[in-house]
Amino acid sequence: RDLHSFPTRRSSDLQLRRYPESLAEFRKVLARDPNFSPAHYKLSQLYASTGDFADAVSEMQKWLGTKIAATHDTKGYLTMAKAMNGPDSPDAPATVAMAYALMGDRDQAFQYLERSYSNQDSQLLFAIRLPGLDSLRADPRFAELLRKMGLPQ
């Protein structure tokens with residue numbers, strides 16, 4: 001599950017909110033290799049960002065290679081995000097933060113963003129640009145996180 005090997009164009013389209021273009025690119029990749037797990041993971045983020053939690057959960061299940069019982073809503077997406085690498089994994093917090101943000105639980109989202117920062121989560125730099133965190137951007141805690149990361153606010 002090497003998320004860093006995934007071509008950046010697909011990620012850029014998602015970050016720029018070009019959902020149709022991003023979806024088309026993910027479909028091309030998966031048509032060539034249906035088992036390319038990073039595409040399933042990032043496609044799950046696209047679906048979650050657009051509110052399609054049934055498909056987001058399904059893509060997370062494909063990425064994890066398991067059928068963990070999860071509802072097809074924001075709670076199910078949170079269940080899958082927490083199952084990514086185990087509850088104490090240093091690589092899961094950014095995805096869990098996005099799931100909480102999508103659920104509207106800002107405090108939990110920021111707790112996981114802080115954990116992600118503390119654990120040097122490899123996905124944090126990608127996650128902070130995702131549409132799933134848009135609801136947090138106006139919060140002063142988001143600007144503080146960016147400052148700690150040495151990024152422009």
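The values are calculated or read from the model by the stated rules, or taken from the named source; none is laboratory data. Being a predicted model, the structure only gives us computed values, none of them experimental. In this analysis, Cβ positions are derived from the backbone assuming ideal geometry, glycine residues included, and neighbour counts consider all displayed protein chains. What goes into the accessible areas is simple: the full protein's heavy atoms, side chains included, and nothing from ligands, DNA or RNA. Shrake-Rupley method; radii C 1.70, N 1.55, O 1.52, S 1.80 Å.
Pairing residues of the range 131-143 that are among the basic types (Lys, Arg) with residues that are open to solvent by less than 60 Å² (accessible area, probe 1.4 Å), at Cβ distances under 6 Å and at least 6 apart in sequence or on separate chains, gives 141/110. When 47, 41, 77 are checked against the criterion of being open to solvent by 20 Å² or more (accessible area, probe 1.4 Å), within 18 Å of residue 123 (Cα to Cα) and modelled with pLDDT of 85 or more, 47 stands alone in meeting it. Within the range 137-146, can you find the residues that are within 21 Å of residue 51 (Cβ to Cβ), surrounded by fewer than 13 Cβ atoms within 10 Å (Cβ to Cβ) and over 16 Å from the mean Cα position of the chain (by Cα)? Hit for the range 137-146 is 138, nothing else.
The rows are residues; the columns are (1) assigned to a loop (DSSP other than H, G, I, E, B); (2) crowded, with 17+ Cβ neighbours inside 10 Å.
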residue	(1), (2)
69	yes, no
81	no, yes
98	no, yes
110	no, yes
114	no, no
129	yes, no
135	no, no
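Say whether the condition of being over 15 Å from the mean Cα position of the chain (by Cα), open to solvent by 50 Å² or more (accessible area, probe 1.4 Å) and modelled with pLDDT of 90 or more is met by at least one residue in the range 17-27. Within the range 17-27, one or more residues are over 15 Å from the mean Cα position of the chain (by Cα), open to solvent by 50 Å² or more (accessible area, probe 1.4 Å) and modelled with pLDDT of 90 or more.
Suppose we filter 152, 87, 93 for residues that are at pLDDT below 90, more than 21 Å from residue 18 (Cα to Cα) and open to solvent by less than 20 Å² (accessible area, probe 1.4 Å); which single one remains? It is 93.
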